[in-house]
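The values are calculated or read from the model by the stated rules, or taken from the named source; none is laboratory data. None of the values given here were measured: they were computed from a predicted structure. Note: ideal-geometry Cβ built from the backbone for every residue, glycine included; neighbour counts use all protein chains shown.
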Amino acid sequence: MDQSQAPVLEALAAYHANGHTAFTPPGHKQGRGADERVVRVLGEDVFRADVLATGGLDDRLTSRGILQHAQQLMAEAVGAEHSFFSTCGSSLSVKAAMLAVAGPHEHLAVGRDAHKSVVAGLIVAGIRPLWVDPQWDPGLHLAHPPSAEAFAKMLADRPEARGALITSPTPYGTCADLTALAEACHEHDRPLIVDEAWGAHLPFHQALPTWAMDGGADVCVTSVHKMGSGLEQSSVFHLQGDRIDPAVLKQREDLLGTTSPSVLIYAALDGWRRQMIQHGHALYDHALGLAAGLRERIEQLDGLHVNGRDDFCAPHLAADFDPLQVIIDVSGLGISGYRAGDWLRSHHQVDLHVCDHRRISAQLTHADTPATTDRLLTALGELVEAAGQLRPAAAVDVPDPHQLRLEQVLLPRDAFFGPTEQVPIGKAEGRIAAEMLTPYPPGIPAALPGERLNDAVVAYLRSGVKAGMLVPDASDPSMDSVRVVVED
C-alpha cells in the first residue's frame, strides 16, 4: 500500500475544498455557532475539522471506505493483520478485546497489576478473573509484569481460562517476555491480549522493547495519545491470527463505542501513522539518544538515582525496559515523589507523569528536544537544593507482596452492583470492597470490588493519602470511609 497516503486527512481537506454546507451535527456548524471566547482559546481550525464521520467526511453509506483504508494502512505499517481505530481511548479498546475472548461468567487469566480499565471490563462483562501475580521487587516496592511461567501454570491448572491478558509495558516502562508468554498461551490454544497502552511507539525502532505483534500476541491495545502523536482518547487495537474473529472484535467495539466518533482523533491517528512510517526511525534515534544523555546528567545530581535495566531487569523481575520512561528515585533526598512532583509543577511549571511514595517519572517521546530536557534538568537541580524544605517524607505503609494480594471473595460485577454501604475506614478491615481503590497514576487498583480488605492495604491507602497519594475513583477520595458489600 502507498504509505504516503493519509485518507482521513485527505478526505477532510476535500470536504473543505468542496464547500459542503451541513444540516447535520455537530451543532456548531464548522464553528459558526461557537462562542468567540471559546474560539480564541481553541482556535478556528478545531471546529473546522470537527465534522460528522458518516454523512460528512464520508457519505451516508461510507462507500468511499475512508476509515477502512486508514485502518488497513495502519495494520500494514505495524505488521498486524487488522487494525481498528477507537476514539474512546484504550480504556474502551481493552474492554472490547476482553469481550471478544471471554463472555459473562467465563474465566480469563489476568495479571493482577492490570489497569483500572481492565477491572471495569470485568465488572461490565461479568468475566471471572483468574489473577496472576506480578513479579514484585520488595526492595523498590514496585510490581513488574507477571512471568510467562506464572501464566503457563495458571493456564495448565485452570483449563477453563478462555485466554490471558497482560499489561506490558507498565507505566514504569517495564516489560514482559511477550514471546514466551504467547508461546505458553498458544500451547493451550488460548489467545493472548496485551494491554500495550504505553507501547504505541514500539514497532518503529529496533532498540525499543519487542512489541506485542512481533512477540506473537493475538490482540494488543495501544494508546497513541500516550507515546505517539495522537490526540487524547486516541487508541488503536491490532489483531493477528485466527484465535479471535476480527468481525467479533469489531462487533464488541461497536457495542461499547460511541456512535459519534471524532474525525479530529481519526485524522491525528492517520497522520501519526504516516509520520512514523516516513520518519519514525530517525525520530526515535534522536529520542533514545536524548534519553540516554538525560539519564547520565540526572544521575550526577546528588540524591537522585535514575532507574534503568540494572534495577528493573534482574532475574525474576522485568524482561525488558523502555528507556524513554525516565524513572527517578528521590528517596535519597529524604522526600516523597508526591512532594517532589508538586514542587516541580508549582515552582517550574514542569508536569511529571508518575509520582509515588519514592519516585517521579518523566516520559520522553519523539517530540522532546534538548530544550525540554534542559528545562527538566534545571528544575531537578533546584529540587535538590530545595529538598531540605520538603523534608521529612511522610511515611507510607507499603505492604509486603503477600499482604497486597487480597482474597477475591465475590465476582467483581456482583460486588460492584450488589447491596453496599459506606463504613468508616477504621471498620473496613475484613469487609468486602464494593469499589475500586486506585492510587493514580499509574491507575493500578490496590483493592478491587469483591476483594476482602485487610489491615495492611487499608493502612497503605490511608497513609498514602496523608502523604499525597490520589485515589480518585473511591467514593470517598479522602479515604475516611470506604464502600463495602452488605453481608448477611
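Among residues of the stretch 446-457 that are among the polar types (S, T, N, Q), those with a Cβ under 9 angstrom from a residue that is surrounded by fewer than 23 Cβ atoms within 10 Å (Cβ to Cβ) and part of a strand (DSSP E or B), sequence gap 6+ or separate chain, pair up as Asn454/Glu407. Looking at the stretch 142-161 only, could you name the residues that are in a strand (DSSP E or B) and either under 19 Å from the mean Cα position of the chain (by Cα) or more than 14 Å from His186 (Cβ to Cβ) (or both)? Passing the criteria: Leu142, Ala143, His144. Those helices (runs of 4 or more DSSP H) of the stretch 1-90 in which 3 or more residues are over 30 Å from Asp214 (Cα atoms) and not aliphatic (A, V, I, L, M) occupy 7-17, 36-42, 44-48. In the stretch 258-310, the residue that is farthest from Asp329 (Cα to Cα) out of those that are touching a His at 6+ places or on another chain (Cβ under 8 Å) and acidic (Asp, Glu) is Asp285.
Where helices (runs of 4 or more DSSP H) fall entirely within the stretch 326-422, those with at least 1 residues that are among the polar types (S, T, N, Q) and in contact (Cβ under 8 Å) with a residue 40 or more places away in the chain are at 370-390, 401-404.
Which count do you get for residues in the stretch 1-27 that are farther than 21 Å from Ala268 by Cα and in contact (Cβ under 8 Å) with a residue 12 or more places away in the chain? It would help to see each step written out before you state the result.
So in the stretch 1-27, the residues farther than 21 Å from Ala268 by Cα come out as 18-24, 27.
Narrowing further to those that are in contact (Cβ under 8 Å) with a residue 12 or more places away in the chain: 20, 22, 24.
Of the residues in the stretch 1-27, 3 are farther than 21 Å from Ala268 by Cα and in contact (Cβ under 8 Å) with a residue 12 or more places away in the chain.
If you scan the stretch 405-454, which residues turn out to be in contact with a Cys (Cβ under 8 Å, 6 or more places away or on another chain) and either modelled with pLDDT of 95 or more or buried (at least 18 other Cβ atoms within 10 Å of the Cβ) (or both)?
none
Output the residues belonging to the stretch 166-194 that are charged (D, E, K, R) and either part of a loop (DSSP other than H, G, I, E, B) or under 28 Å from His286 (Cβ atoms) (or both).
Step one: list which residues in the stretch 166-194 are charged (D, E, K, R), which gives 177, 183, 187, 189-190.
Hits for the stretch 166-194 are Asp177, Asp189, Arg190.
Quick test for you: out of Leu383, Leu344, Leu352, Leu364, pick the one residue that is within 16 Å of Gln300 (Cβ to Cβ), modelled with pLDDT of 95 or more and crowded, with 18+ Cβ neighbours inside 10 Å.
Values: Leu344 fails: within 16 Å of Gln300 (Cβ to Cβ); Leu352 fails: within 16 Å of Gln300 (Cβ to Cβ); Leu364 fails: within 16 Å of Gln300 (Cβ to Cβ).
One residue alone meets the criteria, Leu383.
For Pro445, indicate whether it is part of a loop (DSSP other than H, G, I, E, B), more than 24 Å from Asp414 (Cβ to Cβ) and outside the structural domain of Tyr338 (by TED's automatic domain parsing).
It is false that Pro445 is part of a loop (DSSP other than H, G, I, E, B), more than 24 Å from Asp414 (Cβ to Cβ) and outside the structural domain of Tyr338 (by TED's automatic domain parsing).
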